[in-house]
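Everything below concerns the one structure shown next.
The values are calculated or read from the model by the stated rules, or taken from the named source; none is laboratory data. Computed from a predicted structure; not experimentally measured. Cβ placement follows ideal geometry from the backbone for every residue including glycine, while neighbour counts extend to all protein chains displayed.
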Amino acid sequence: MRILDVQEMMSFFKEKLGENLISCELRSWTAGLKKVECKEIWLEIKPNVLPDFVKLLKELDEAPHSLVASAEDLGDDIAVIYHLSVYSGEFNREIQINVRVKVPKSDPRLPSISHLIPGALITEQEKEEMIGVIYEDLPERRHVFIADDFPRDIYPWRKDEKGPQSLIRKVNE
Amino acid sequence: MAEISYGYSVPIGPIHPALKEPIEFVFDIEGEKVKGVKIYAGHAHRGIEWMGMRRNPIQNLYLAERICGICSVTHALALALAVERALNIEVPPRAQYIRLIVAELERIHSHLLWAGVAAHEVGFDSAFMLLWKVRENVMDLLEKLTGNRVNYAIIQIGGVRRDITEELRHEIWKSLDYYRTLSERIKVLLLEDPTFTLRTRDVGVLTKEDALSLCAVGPTARASGVPKDVRQDQPYIAYADIGVKAITPDLYTGEVKGDVYDRTVVRLLEIDQSIDLIDKALTNMPDGEIVYEKNLVKLLALIKKGEGEGVGRHEAPRGEDVHYVKFVPGSENLAVWKVRAPTYSNLLPWVPMFKDAEVADIPIIVASTDPCMSCLNRATLVYPSGRKEVLTHEELHKLSVEKTRRLSRR
């Protein structure tokens, strides 16, 4: 484990990712009477370097933790945010890293990171079924969280015509 | 997947899965040994995230509480933390201490509930009854503090809804004393029972490497020797003042095996830890306001003006709970709400735990991660010949009880 502080880590990302890093921001909040400060890094990177980014994290911590990935329908694009963390195990040492990638709906393909963090498999499968991102190199492709007979071309979190509107029973009307 | 017949179809989709729901396991069996497992979770998608994206955060607090009946404060707290971070709302210190006290009381009741369920799964029903009897004390205390045994409705965006009065403080001290006197007896009851030890030692082993790479959380990870605990790693609310150290089983047994026994050890030690934390919080609790903004109309106006995104994490009894929210200006509703309950992260670690397990050990291994769903309502066994057989929960439970009887006769 190579322990860097938040500023060092941000410069490390900037140096290694170069122009593939779109934005990099530090956010912090405090807790308790003692105002203990916790820090998070929020990044946006180009989708093709996502596995490289996770490899960088693995240089810092052998086993980065994948909290979850969240996703948003932005109209023409889909944004997926991976919430990751490194350095757990000591009081207030962990740094949470939130990486955003954007893919166009016309070609919603993303590289998978589950070969680097096996625990991320389930959240990537969820993104496929919920918002219609396509991970080409996923070892297994199936519905995990919604029923297997749920229509394949409908994605519950989409806000466009592929959303679940047609399936909703309007009980109040 | 296609060869399994469910006999029913789920009405409507988009929800988060990891909560009070049925789950299905398909085991590949050779003789009595489990060779592989497939997990199907999506049988009763309730669409909570979808519903939440059409409501404002104050309404969502009550929706979030109903994600799970056991972790009543967990989801509301994680959602409130996420909203507060997104909108830079500062929570008064007294409210942070009250949040800690309620969250830790919930951990005590949840771990006692789990210990009872675990005892029941191996056919140790007298322990199950005793543990659930002593759990009533903390349930009553929660009712006195919040008005409800479950779904406490104590969390508000920016604070809590009820204060802890001097009278209630004494009630809490009394309850803590009650559990202090019981703590050793509960450990002897389960951990020194020869049959319980036989049924849980070296059963459902999760190695440290697997726990790390599969991103296990909560007692499941800690029992495998991964000192991972949000209260320690990213201190929030009053945990930042008091300080928490993740509990691993070697504190009690001197070694880490990562089996069901170790998961029991971690949970029982965490009951002591919770008693300690509540004690410290009650002693050091500052005076002052308990909520950032009492007037809900003003609070909603502030939310409507606000913009931003935030992640809230809370160490639930089952492990780390994560909520992500995003606000766009001009709308008080959540633009994005992602809920990740602890069981979601503990689905994949089940696969190595089941490797080479016996069919009769399936219930206790499933129960050992404390899954938050009405789990294992059925299991399908696939024999090498291709013959398939569906076992109901009752049949599986009978198998498990028979194994305990067999072992205790030896």
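B:V256: of a type in the set (A, V, I, L, M) and surrounded by 22 or more Cβ atoms within 10 Å (Cβ to Cβ), yes or no?
Numbers: of a type in the set (A, V, I, L, M): yes; surrounded by 22 or more Cβ atoms within 10 Å (Cβ to Cβ): no.
Considered against the rule, which asks whether it is of a type in the set (A, V, I, L, M) and surrounded by 22 or more Cβ atoms within 10 Å (Cβ to Cβ), B:V256 comes out as no.
Got a sec? Which of B:L182, B:L189, B:L142 is surrounded by fewer than 20 Cβ atoms within 10 Å (Cβ to Cβ), in a helix (DSSP H, G or I) and in contact with a Phe, Trp or Tyr (Cβ under 9 Å, 6 or more places away or on another chain)? Talk me through it step by step, then tell me what you get.
Numbers: B:L182 fails: in contact with a Phe, Trp or Tyr (Cβ under 9 Å, 6 or more places away or on another chain); B:L142 fails: surrounded by fewer than 20 Cβ atoms within 10 Å (Cβ to Cβ).
One residue alone meets the criteria, B:L189.
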query: Out of all the residues in the range A:49-67, is one or more surrounded by fewer than 21 Cβ atoms within 10 Å (Cβ to Cβ), of a type in the set (F, W, Y) and more than 10 Å from the chain's Cα centre (by Cα)?
result: no
statement: Those residues of the range B:210-221 that are facing another protein chain (nearest Cβ under 8 Å), of a type outside the set (S, T, N, Q) and at negative phi come to a total of 3
- prompt: When you scan the range B:222-237, how many residues do you find that are within 9 Å of another protein chain (Cβ to nearest Cβ) and either among the hydrophobic types (A, V, I, L, M, F, W, C) or touching a Gly at 6+ places or on another chain (Cβ under 6 Å) (or both)?
  reply: 4
query: Tell me, which residue of the range A:130-145 that is touching a Pro at 6+ places or on another chain (Cβ under 7 Å) and within 11 Å of chain B (Cβ to nearest Cβ) is nearest to B:M53 (Cα to Cα)?
result: A:M130
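Only one residue in B:K326, B:K294, B:K298 is free of Cβ contacts under 8 Å to residues at least 24 places away in the same chain and outside any helix (DSSP H, G or I). Which one?
Selected residue: B:K294, the only one of B:K326, B:K294, B:K298 that is free of Cβ contacts under 8 Å to residues at least 24 places away in the same chain and outside any helix (DSSP H, G or I).
Test A:E40 against the criterion of being farther than 19 Å from A:K102 by Cα, at the interface with chain B (Cβ under 10 Å from one of its Cβ atoms) and in contact with a Lys or Arg (Cβ under 8 Å, 6 or more places away or on another chain), and give yes or no.
Values: farther than 19 Å from A:K102 by Cα: yes; at the interface with chain B (Cβ under 10 Å from one of its Cβ atoms): yes; in contact with a Lys or Arg (Cβ under 8 Å, 6 or more places away or on another chain): yes.
For A:E40, the condition - farther than 19 Å from A:K102 by Cα, at the interface with chain B (Cβ under 10 Å from one of its Cβ atoms) and in contact with a Lys or Arg (Cβ under 8 Å, 6 or more places away or on another chain) - is met.
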message: Go through the range B:295-330 and report how many residues are out of contact with any strand residue (DSSP E or B) (no Cβ under 8 Å at 6 or more places or on another chain), surrounded by fewer than 21 Cβ atoms within 10 Å (Cβ to Cβ) and within 13 Å of chain A (Cβ to nearest Cβ).
response: 1
statement: Checked against (1) part of a loop (DSSP other than H, G, I, E, B); (2) farther than 30 Å from B:V91 by Cα, B:A153 satisfies every condition except (2)
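Results for (1) within 17 Å of the chain's Cα centre (by Cα); (2) free of Cβ contacts under 8 Å to residues at least 60 places away in the same chain; (3) buried (at least 22 other Cβ atoms within 10 Å of the Cβ), shown as yes or no for each residue.
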site: B:V37; (1), (2), (3): no, no, no
site: B:G52; (1), (2), (3): no, no, yes
site: B:L63; (1), (2), (3): no, yes, no
site: B:C68; (1), (2), (3): yes, no, yes
site: B:A86; (1), (2), (3): no, no, yes
site: B:H109; (1), (2), (3): yes, yes, yes
statement: Quick count over the range A:17-37, residues being surrounded by fewer than 16 Cβ atoms within 10 Å (Cβ to Cβ) and touching a Phe, Trp or Tyr at 6+ places or on another chain (Cβ under 6 Å), is 1
message: Given the criteria surrounded by fewer than 14 Cβ atoms within 10 Å (Cβ to Cβ), among the charged types (D, E, K, R), more than 22 Å from A:L17 (Cβ to Cβ) and within 7 Å of chain B (Cβ to nearest Cβ), does A:D76 qualify?
response: no
- prompt: Do we have A:S23 as in a strand (DSSP E or B), within 14 Å of chain B (Cβ to nearest Cβ), at pLDDT 90 or above and farther than 18 Å from B:L348 by Cα here?
  reply: yes
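Picking from A:D137, A:D160, A:D76, A:D153, which residue would you name as being under 15 Å from A:V54 (Cβ atoms) and either without any contact (Cβ under 8 Å) to a residue 24 or more places away in the chain or of a type in the set (D, E) (or both)?
Working: A:D160 fails: under 15 Å from A:V54 (Cβ atoms); A:D76 fails: under 15 Å from A:V54 (Cβ atoms); A:D153 fails: under 15 Å from A:V54 (Cβ atoms).
The match here is A:D137.
Yes/no matrix, rows are residues, columns are (1) among the aromatic types (F, W, Y); (2) part of a helix (DSSP H, G or I); (3) under 22 Å from the mean Cα position of the chain (by Cα):
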residue: B:R231; (1), (2), (3): no, yes, yes
residue: B:I237; (1), (2), (3): no, no, yes
residue: B:K245; (1), (2), (3): no, no, yes
residue: B:R263; (1), (2), (3): no, yes, yes
residue: B:I271; (1), (2), (3): no, yes, yes
residue: B:D276; (1), (2), (3): no, yes, yes
residue: B:K280; (1), (2), (3): no, yes, no
residue: B:T283; (1), (2), (3): no, yes, no
residue: B:E289; (1), (2), (3): no, no, no
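Evaluate the following for A:S112: is it of a type outside the set (D, E, K, R), at pLDDT 90 or above, in a strand (DSSP E or B) and in contact with a strand residue (DSSP E or B) (Cβ under 8 Å, 6 or more places away or on another chain)? First the steps, then the outcome.
Numbers: of a type outside the set (D, E, K, R): yes; at pLDDT 90 or above: yes; in a strand (DSSP E or B): no; in contact with a strand residue (DSSP E or B) (Cβ under 8 Å, 6 or more places away or on another chain): yes.
In short, no.
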message: Name the single residue that is nearest to B:Y97 (Cα to Cα) among those in the range B:265-294 being buried (at least 18 other Cβ atoms within 10 Å of the Cβ) and of a type in the set (G, A, S).
response: B:A281
- request: Output the number of the condition that A:K127 fails; it satisfies all remaining conditions of (1) basic (K, R); (2) more than 7 Å from chain B (Cβ to nearest Cβ); (3) without any contact (Cβ under 8 Å) to a residue 40 or more places away in the chain.
  value: (3)
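Of everything in the range A:122-173 that's in a helix (DSSP H, G or I) and among the charged types (D, E, K, R), which residue is farthest from the chain's Cα centre (by Cα)?
Within the range A:122-173, the match that is farthest from the chain's Cα centre (by Cα) is A:E129.
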Selected residue [under 19 Å from the mean Cα position of the chain (by Cα), modelled with pLDDT under 90 and over 30 Å from B:I164 (Cα atoms)] from B:E121, B:E30: B:E121
message: Name the residue that is surrounded by the most Cβ atoms within 10 Å (Cβ to Cβ), counting only residues in the range B:238-253 that are more than 8 Å from chain A (Cβ to nearest Cβ) and hydroxyl-bearing (S, T, Y).
response: B:T248
- line: Given the conditions (1) in contact (Cβ under 8 Å) with a residue 12 or more places away in the chain; (2) away from chain B (no Cβ under 12 Å), every one holds for A:D107 apart from (1)
query: Would you say A:L84 is facing chain B (nearest Cβ under 10 Å) and at pLDDT 90 or above?
result: yes
task: Answer yes or no as to whether B:I172 is in contact (Cβ under 8 Å) with a residue 12 or more places away in the chain and part of a helix (DSSP H, G or I).
output: yes
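In this structure, is A:Q96 closer than 30 Å to A:C38 by Cα and either crowded, with 23+ Cβ neighbours inside 10 Å or within 12 Å of chain B (Cβ to nearest Cβ) (or both)?
Numbers: closer than 30 Å to A:C38 by Cα: yes; either crowded, with 23+ Cβ neighbours inside 10 Å or within 12 Å of chain B (Cβ to nearest Cβ) (or both): yes.
In short, yes.
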query: Does B:I15 qualify as being modelled with pLDDT of 75 or more, part of a loop (DSSP other than H, G, I, E, B), hydrophobic (A, V, I, L, M, F, W, C) and over 30 Å from B:E358 (Cα atoms)?
result: no
